[in-house]
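Asker: For reference, the structure I am asking about is given below.
Bear in mind that the values in this text are calculations on the coordinates, not laboratory data. What you see is a predicted model; the values in this text were computed from it and never measured. When we count neighbours, we look across all protein chains shown, and the Cβ atoms used for this are built from the backbone with ideal geometry, even at glycine.
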Amino acid sequence: MVRDQIQARGVRDARVLEVMRHVPRHRFVSPALAAQAYDDHPLPIGEGQTISQPYIVAVMSELAAIEPGERVLEIGTGSGYQAAVLSGLAAEVYSIEILPELAESARRLLAELGHDNVRVRTGDGHRGWPEAAPFDAILVTAAPPSVPPALEAQLAVGGRMVIPVGDDSQTLRVLERTPSGLRTRQVFAVRFVPMTGEPLEEP
């Protein structure tokens with residue numbers, strides 16, 4: 001998977017590649033789909049949600065440019081697979097899932113696999129995790145129509161946010177907070193499940 005689907009398509013971050021070699025992706029899907037777990041496409045995980053294709057998980061992790069010792073916020077825990085990858089890159093991972101059943105199953109599986117630096121909360125990702133902010137990196141694994149203001153506010157100076165944005169047409173964006181404000185670049189077109197919950201006004 002890593003060699004043929006990720007490295008071959010341009011992902012170069014050695015730490016990301018190493019972590020993805022060791023996280024057992026088949027544990028994050030149902031037994032009926034385990035044979036497809038290492039194929040490069042999304043898979044259903046229930047509740048109308050999906051586990052992202054391995055290439056997208058790798059790209060988002062690389063774009064976040066996480067250094068050892070950093071603190072990361074993930075919006076959209078889902079199966080817990082992206083959180084498991086982040087666990088191997090960061091000092092602390094805070095992950096929010098709006099669907100209680102998915103949050104609980106991900107929490108149990110991450111604990112079982114030894115990802116002790118991941119905290120999972122059931123809640124609305126639009127609000128972020130303000131009492132743990134600011135974060136060095138924020139990854140959003142569902143697409144809002146625009147970047148949630150609370151997430152912008154919880155990004156540390158020098159921090160990076162990787163987020164798909166849009167409705168019918170979505171683009172993966174990287175936002176970096178500089179001392180003078182936010183700098184945004186677009187990466188490529190993507191297709192994520194829509195971000196649910198209630199958008200907030202400017203904080």
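Asker: Hey, what did the chain get for relative contact order, percent, Cα under 8 Å, at least 6 apart?
Answerer: 16 percent
Asker: Which of the helices in the chain, when you take each full DSSP H run, stretch at least 27 Å along the axis at their Cα atoms and have an average Kyte-Doolittle score of -0.5 or higher?
Answerer: none
Asker: Any idea how far apart Arg27 and Phe188 come out in nm if each label point goes 7 Å out from Cα toward Cβ?
Answerer: 3.0 nm
Asker: Which trypsin sites (Lys or Arg not before Pro) from segment 91-199 combine a DSSP loop assignment with at most 15 other Cβ atoms within 10 Å?
Answerer: Qualifying residues, ordered by number: Arg191.
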